[in-house]
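Below: one structure, written as structure tokens.
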Amino acid sequence: MSRLGPQRAGMWADALTIVSIVAIGVCVAALVERGAPPEQPDNRAESVATTTTHSITPGPSEPVDTTYRTPEVIFPTAISGCEVVEPPDGTSSVWGRITTSEDAYDNPQASWYSGPRSVMMTDAVAEALPDGVEVLFASLRESLVFQPIPQTSSEPGRPQEPGWATASAELGRGNTLGLLAVSVAQDNTGVPPCRAGSVQDRTTSADGTVVDTNESWSEFGGTRTNYRTVTAYAPDGTHVTATASDAQGFQSTNTGDRDIVLTIDELKVLVTLPELRISAPVPADTPEPREGCDDSFGLFSGDTAIDAELATTMNTTLEHVDAGERFDPGLNTLRLADFETGVVCTHVDAVGTGADLSISIRGGQELPVMPDIYDPAYQNRPTDFETLDGGAVLRIEEAPYSYSPAPPEGPNGGMRRTVTVTYPSGTEVEVRSHAERPDEPLSANTLRTIATADGLDVL
């Protein structure tokens, strides 16, 4: 069965607009030197720069340290591999990114990039990680998977900045964990000059690829981030940056001693991978990226932070659920929802049925109450409302939909069926199935079997 497209796989008919605001920079420090390549460009937004080179006077009620510090740069100085060393520019910038569009790999501003290319790049980086280094529990977006490049706009009179395809994740190595970000762009501006404070060593390979390294730290509000950065400039216009730091990952629930888990030499291996070159051929049988799971709870996320141990417990339960269907991938693939720490989810296909299935689980929820007949909410009441043994409440909801305007060809709508179980403990399990006409979503009994499986009430 062919996979349901991004517009059809359990999404609402009306396109949802996802807004994310994320501060970025030296891995997550969000502060980079003006004119230097961004250590961790985020694929969620458009760059905005604000100079921050001194303390900002806080309000009298809650004094906050907003001082940004970096090591003192010695100049003049010599840098290995550089004939000429330019002085530091003396200013710093805060970079943020904002997108108000759905993620899509077919960005016309980055014609070199595509879904299959992102899969090739993701696989190459994963295979190049040293033995003993693992990607830690996180959302799909933060699991070292190259994300779409968002469309951006430039100010009048200024050139369009290159779009970055970025993969980031927390990595574990022994008893320590740290952050890694790998970013790839097409940039034909050439190799920048050696600048004191930004480059500590420069090498040039036989094919003309220039590799810069830098190891330093930055401090904001008294919190210090240590990092190592390696950047490669290839002759075909590929610009690759890999930054390892001891910072915490975005929306992370992982705990442990933080450190930089990759060496300079190990980062050099990543930035010089041939699969990361923008001109590298993509094998014809390379699939599209795996579709992420949607957090149907929206702004009402869970109150309980879910770590790898809790997720493993729930995945073990789902691995042994017999729902009478074959799923690809398996049900036991729960991970954090994007931008969440209190929701886990997965999205799978029911093989051979034309239907998909999504699971979302969160904690900290109150038992629902059937609205009174005189309550305006009564008309949107569930199709079925049942109190189970033990006090859990089960709801079944069905929602047919259609597209407006109707597409010139193909299905003009379908059906969504949802079974939600809320336990007295506060755990809430939502199982949804969706199919477009003439196919049907999975039955309520199938969804009920999954939602009531023993072992999911752990939050």
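Checked against (1) at pLDDT 95 or above; (2) closer than 20 Å to G364 by Cβ; (3) surrounded by 21 or more Cβ atoms within 10 Å (Cβ to Cβ), L459 passes all but condition (1).
For L144, state whether it is under 30 Å from L310 (Cα atoms), in contact with a strand residue (DSSP E or B) (Cβ under 9 Å, 6 or more places away or on another chain) and open to solvent by 20 Å² or more (accessible area, probe 1.4 Å). Before you say what the answer is, go through the steps one by one.
Working: under 30 Å from L310 (Cα atoms): yes; in contact with a strand residue (DSSP E or B) (Cβ under 9 Å, 6 or more places away or on another chain): yes; open to solvent by 20 Å² or more (accessible area, probe 1.4 Å): no.
No.
Looking at the range 275-389, what strands (runs of 3 or more DSSP E) fall wholly within it and have at least 1 residues that are over 30 Å from F250 (Cβ atoms), modelled with pLDDT of 95 or more and within 28 Å of the chain's Cα centre (by Cα)?
Working: elements: 343-350, 355-362, 384-387.
Correct list: 343-350, 355-362.
Regarding the range 394-401, can at least one residue be identified that is among the hydroxyl-bearing types (S, T, Y), under 21 Å from G455 (Cβ atoms) and in a strand (DSSP E or B)? Can you show your working first?
Quick first cut of the range 394-401, residues among the hydroxyl-bearing types (S, T, Y) only: 401.
Next, from what is left, pick out any that are under 21 Å from G455 (Cβ atoms): none.
No, because not a single residue in the range 394-401 is among the hydroxyl-bearing types (S, T, Y), under 21 Å from G455 (Cβ atoms) and in a strand (DSSP E or B).
Would you confirm whether any residue within the range 171-182 is farther than 22 Å from R277 by Cβ and in contact with a helix residue (DSSP H, G or I) (Cβ under 8 Å, 6 or more places away or on another chain)? Break it down stepwise before answering.
First, the residues of the range 171-182 that are farther than 22 Å from R277 by Cβ: 171-179.
Next, only the ones that are in contact with a helix residue (DSSP H, G or I) (Cβ under 8 Å, 6 or more places away or on another chain) stay: none.
No, the conditions are met nowhere in the range 171-182.
Listed by position, the strands (runs of 3 or more DSSP E) enclosed by the range 173-262 that each have at least 1 residues that are free of Cβ contacts under 8 Å to residues at least 24 places away in the same chain and open to solvent by 20 Å² or more (accessible area, probe 1.4 Å) are 223-233. Of all residues in the range 412-431, those satisfying the criterion of being open to solvent by 30 Å² or more (accessible area, probe 1.4 Å) and within 21 Å of T304 (Cβ to Cβ) are Y423, P424, S425. Only one entry in E409, E386 is in contact with a strand residue (DSSP E or B) (Cβ under 8 Å, 6 or more places away or on another chain) and either open to solvent by 60 Å² or more (accessible area, probe 1.4 Å) or not basic (K, R) (or both), namely E386. Please enumerate the residues belonging to the range 151-179 that are in contact with a Gly (Cβ under 9 Å, 6 or more places away or on another chain) and at pLDDT 90 or above. S168, A169, E170, L171, G172, R173, G174, N175, T176, L177, G178, L179, listed by residue number.
Of the residues that make up the range 280-297, is at least one open to solvent by 70 Å² or more (accessible area, probe 1.4 Å) and among the hydroxyl-bearing types (S, T, Y)? No: zero hits.
Within the range 404-453, track down each residue that is of a type in the set (D, E) and modelled with pLDDT of 95 or more. Give the steps one after another, and end with the answer.
Residues of the range 404-453 that are of a type in the set (D, E), as a first pass: 409, 428, 430, 436, 439-440.
Within the range 404-453, E428, E430, E436, D439, E440 qualify.
Matching residues to (1) out of contact with any Ser or Thr (no Cβ under 9 Å at 6 or more places or on another chain); (2) not charged (D, E, K, R):
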site	(1), (2)
G354	yes, yes
L357	no, yes
R362	no, no
T383	yes, yes
R395	no, no
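Out of A128, A78, one residue alone is at pLDDT 65 or above, of a type outside the set (D, E) and open to solvent by 60 Å² or more (accessible area, probe 1.4 Å). It is A78.
Among the residues making up the range 347-380, a single one is in contact with a strand residue (DSSP E or B) (Cβ under 9 Å, 6 or more places away or on another chain), exposed (fewer than 15 other Cβ atoms within 10 Å of the Cβ) and of a type in the set (D, E, K, R): E366. Considering the range 81-123, and only residues there that are part of a strand (DSSP E or B) and modelled with pLDDT under 65, the residue that is most open to solvent (accessible area, probe 1.4 Å) turns out to be I98.
The values are calculated or read from the model by the stated rules, or taken from the named source; none is laboratory data. All values derive from a computational prediction rather than experimental measurement. Cβ: placed from backbone, ideal geometry, glycine included. Neighbour counts: every protein chain shown. Note: areas computed on protein heavy atoms with side chains; ligands, DNA, RNA excluded. Shrake-Rupley method; radii C 1.70, N 1.55, O 1.52, S 1.80 Å.
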